[in-house]
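Written out below as structure tokens is the structure these notes cover.
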Amino acid sequence: MTQPKTAALIVAAGTGTRAGGAVPKQYAMLAGKPMLAHSHAALSAHPAIDTVLVVIAEGQHDALHAALGPVPFVIGGATRRESVRNGLEALAGHDRVLIHDAARPFLSAAVIDALLAALDTHAGAFPALPVADTLVRFDGAMGDIVPREALYRVQTPQAFAFDAVLAAHRAWPEGAEATDDAQMVRAGGHPVTIVPGDPMLEKITHPADFAAAEARHAASLRVRTATGYDVHRFAEGEELWLGGVRVPHSKGLSGHSDADVALHAITDAVLGTIGAGDIGMHFPPSDPQWRGAASARFLEHAAGLVRAEGGIIDFIDVTIICEAPKIGPHRTAIRESIAAILQLSPAKVSVKATTTERLGFTGRGEGMAAQAVATVRIPEQNA
């Protein structure tokens, strides 16, 4: 059977005025990156989703590019309904679509899976949480208790058969606003169901919501630790690079790239925290494009993979093993360089050095080695 063609539409065209701040809330920093980047990464990484399109407001292109880089986008309208309609028209030809609000950043693969499975039997589905609190009518005085047994709090993303939701938007009366897309599809006569929601999908609206979201995100993280080890031999006529710093010495290290033994060990440690293999898998020595490349590029790539999974790099510890040169005079520069590459405070990077008491290849001055440990926190669903 042919796999259905599935798109995801992220609605990020609001001004976010209720959240305060100098930028619209979808571009504000949350858990280490712009809020919009969290849901975009989750949807882009899902194997069943072919296309992710972002709807932005006029004049937000630079903010979008700063948050996500060059990604597909369309300009929205004056209302959310118009913004969604613009996005759907741009996605014509897909079989299924998920419509998500950028203000709900912490989206899990489990919710996406449940929504897509529900589309096997329904034209639409949305995640929802049952109402737990007592509900009461109040108009100046306490009124009747509202039964809550069949009441749910609606979340996004909402998933639909593409033709059904596009037809619902095209048929919706101009000037009439809908609270959400599921309401519109249901009004078109199509069955819509719910799947279990996720407390992590709480909407961020007000300034206090950012602190609550940070706390939810931190509580969902699990610690991962991995190690890395690398060796390079000395060679005449080469420059010696350690931790992104050029260190004066009579010899340099030989390798396909700049042979920065410290950065290579750290890169392997960072990749190890997410089970992403080793440096050779991502940057094969047989590939001529990496000849003489700065190893900072390798470490930046590894750090980017961690962040794409919603992870946070907490601490790096590297030990450089050699008889010469002396690392002490360069320790601070190396530490600050590694921290800059990883966008960390220098306090989160430890650089140590040791000798092997003239034993082995490092003791004989034939080369250098480095071993590193990386500690990160990863969202629970990825841990």
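Bear in mind that the values in this text are calculations on the coordinates, not laboratory data. Just so you know, these numbers come straight off a predicted model, no measurement behind them. Methodologically, a virtual Cβ is constructed for each residue, glycine included, from the backbone with ideal geometry; neighbour enumeration extends over all protein chains shown.
Results, tabulated for the structure shown:
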quantity	calculated
Nearest-ten-degree value, helix 35-45 long axis tilted from longest Cα axis of the chain	80 degrees
Straight-distance crosslink candidates among lysines, where the alpha carbon sits under 26 Å from Lys352 and sequence neighbours closer than 8 are dropped	Lys251, Lys326
DSSP beta bridge pairing in the chain, given as percent antiparallel to the nearest 5	60 percent
The range 239-383 - charge dipole about Cα centre, Lys and Arg +1 at Cβ, Asp and Glu -1, debye rounded to 20	400 debye
Ranked Trp290, Trp241, criterion: other C-beta atoms within 10 Å, fewest first	Trp290, Trp241
Value of [θ]222 nm, deg cm²/dmol, for the chain, DSSP H segments ≥ 4, -39500 (n - 2.57) each, nearest 500	-9000 deg cm²/dmol
Within straight-line cross-link reach of Lys5, aspartates and glutamates at Cα separation under 18 Å, skipping those fewer than 8 residues along the same chain	Asp50, Glu89, Asp95, Asp113, Asp120, Asp163
Label point distance in nm, Ile75-Asp314, each placed 7 Å from Cα along Cα→Cβ	4.6 nm
Ranking of Val55, Val192, Val373 by count of other Cβ atoms within 10 Å, fewest first	Val373, Val192, Val55
Ranked packing of 314-325, 219-230, most packed first, by mean Cβ within 10 Å	314-325, 219-230
Segment Leu129-Thr332, length gained on full extension (0.36 nm per residue, minus Cα span)	68.0 nm
Qualifying GluC sites (Glu not before Pro) in the range 223-273, DSSP loop, other Cβ atoms within 10 Å at most 10	Glu236
Total charge dipole magnitude, the chain, about the Cα centre, Cβ charges on Lys, Arg, Asp, Glu only, Debye to nearest 20	620 debye
Whole-Hz ³J(HN,Hα) from phi, Karplus 6.51 cos²θ - 1.76 cosθ + 1.60, for the range 334-350, glycine and proline x	5, 4, 5, 5, 4, 4, 5, 4, 8, 6, 10, 6, x, 5, 9, 10, 10
Signed unit charges on C-beta, dipole axis of the range 6-219, positive-most listed residue Ala211, Val52, Ala128	Ala211
Per-residue HN-Hα couplings for the range 138-155 [Karplus 6.51, -1.76, 1.60; θ = phi - 60°; Hz; x = Gly/Pro]	9, 9, x, 8, 4, x, 6, 6, 8, x, 10, 4, 10, 9, 9, 9, 7, 10
FRET efficiency, 1/(1 + (r/R0)^6) with R0 41 Å, evaluated for Glu89 and Arg297 via beta carbons	0.55
Mean Cβ count within 10 Å, highest first, over the residues of peptides 165-175, 78-88, 193-203	78-88, 193-203, 165-175
Anisotropy class of the range 6-219 from Cα gyration tensor, a/c 1.5 cut	rounded
Per-pair calculated FRET efficiency, R0 = 22 Å: His282 and Val223 via Cβ, rounded to 0.05	0.40
Between helix 261-273 and the chain: long-axis angle, C-alpha atoms, 0 to 90°, nearest 10	30 degrees
Nonlocal amide H pairs with Leu30, under 5 Å, H built at 1.01 Å	Met35
Reported label for calculated Kirkwood radius over Cα pairs in Å given (i) 20.8; (ii) 21.5; (iii) 23.6	(iii)
The range 254-321 and the range 194-236: distance between their alpha carbon centers, rounded to Å	20 Å
